[in-house]
Amino acid sequence: MKRFFSSFLIAVLLVACQRDRLTAPTFLIQVTPSAAAVPQGTNKVFTATFQGTSGTIEGLPTWSVQPANLGTISPATGLQVTFATGATLASGGTLQATFGGVTGSAQIFVRGSVPPPGSLTYGIFVETLPPPGIKFDVPNPPDPDGGLLGPFNGGGGTITLSNGTNPGEFTEGTLSLKAVYSDGGTPGTAFAGWFIQFGDPNIVPHNFTAFAGGSFKFDVRMTQDVQAKIDWGPGAAAAGSKFFSMVNDLGIPPDNAFHSVVIPLSSFTGIDLANVRTIAFSAVTIPSETYYIDNARFEK
C-alpha cells in the first residue's frame with residue numbers, strides 16, 4: 001500500500017510539473033506606441049497586442065501607470081485604452097498592460113502645457129512652437145531672429161551648458177538646456193548663468209510690447225533650490241530684473257521632475273518691452289547643482 005501511494009504521489013507531481021511547463025506563457029504583449037510625449041492636459045490612445053501565439057487568448061490585459069500622478073487610464077482593462085495626463089507636471093513614467101503573468105510596457109513623457117490655439121507666443125528654448133522664436137535647443141536654429149546663447153560667471157562660480165538628451169529630461173521636444181553649476185568653494189558670493197542676445201553677431205533690439213500683460217514661462221527640473229535672477233537689458237546694464245527662490249517664491253519642489261513656472265512680465269520692475277536686447281538667467285545654489293530649463297517662452 002505504501003509503495004502504491006508513493007508511486008501515485010510521484011505520478012501526480014510529474015503531471016503537475018508537466019502542466020506547469022505546458023501552461024507557461026508562450027506569448028508577448030506589445031504596447032503601441034512604445035514611447036510617447038503627451039502634452040499636459042491632453043489624452044493619448046494606447047493599444048495592446050498579443051504576439052507569439054497561434055491560439056486564442058481568452059481575456060484582456062489590465063493596465064497600470066507608474067508613477068500614479070503621471071495620469072489615469074480608461075478603461076482599466078482592454079486592448080485599447082486612453083491615457084489622460086495628471087493635474088501636476090511629472091517628467092515621465094511607464095504604462096503597463098498585464099495578462100497571464102506577462103507584461104508589455106510603454107514609456108510616457110508628459111510635456112509642459114501647450115499654449116491654446118490663437119495665443120501669442122515667442123519661444124526661446126522650444127522645439128515645438130512655430131516661429132518666431134529662438135530655438136536654442138535645436139541644432140542650427142531655423143528662425144530668422146538668430147541670436148546668441150552663452151555662459152557668464154563671477155565670484156568663483158562656474159557653469160557648463162549643454163543639451164539634455166535623456167528622454168526623462170524633457171517636457172517638449174527631445175532636448176532641454178542642461179546647466180551644471182558650481183560655487184567654486186565660495187558660497188554666498190559665487191554666481192553663474194547664461195545669457196541670450198537677440199541678433200548675431202550684432203544685437204538686434206526686439207519689441208515685445210505685444211506681450212504686455214503676458215507672462216514669461218518655462219519648465220525647470222532641479223534637486224535643490226535654485227535661487228535665480230532674471231535680468232532684462234538694453235545692453236550691459238539691466239533694464240529690469242527679478243530675484244527669486246524657485247522653492248520659496250515660486251513653490252517649485254526640488255524633486256528632480258519638471259515643473260512649470262509662470263512669471264508675469266509686470267513683476268519685472270523697469271523692463272522696457274519695446275527695447276529688449278538681452279535676457280540673462282543667473283543662479284546661486286549651495287554648493288552645486290545640475291538643473292534643466294525647457295519650454296521657455298513669452299506668452300499672452
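Tabulated data
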read-out: Mean Cα-pair separation over length for region 201-300, i.e. relative contact order, pairs under 8 Å, 6 or more apart, %; value: 47 percent
read-out: Length gained when the stretch N248-I263 is fully extended (0.36 nm per residue, less Cα-Cα span); value: 4.0 nm
read-out: P(r) histogram, all alpha-carbon pairs of region 26-111 included - 5 Å bins from 0, percent; value: 3, 16, 29, 23, 14, 8, 4, 2, 0
read-out: Entries of K44/K300; K217/K300; K178/K217; K217/K242 with Cα pairs more than 20 Å apart; value: K44/K300
read-out: Mean separation of Cα contacts under 8 Å (6+ apart) over length of region 26-111, as relative contact order %; value: 38 percent
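Quick note: the coordinates plus some simple rules give every number you see, no bench work behind them. As the structure is a prediction and not an experimental result, all values here were calculated from the model.
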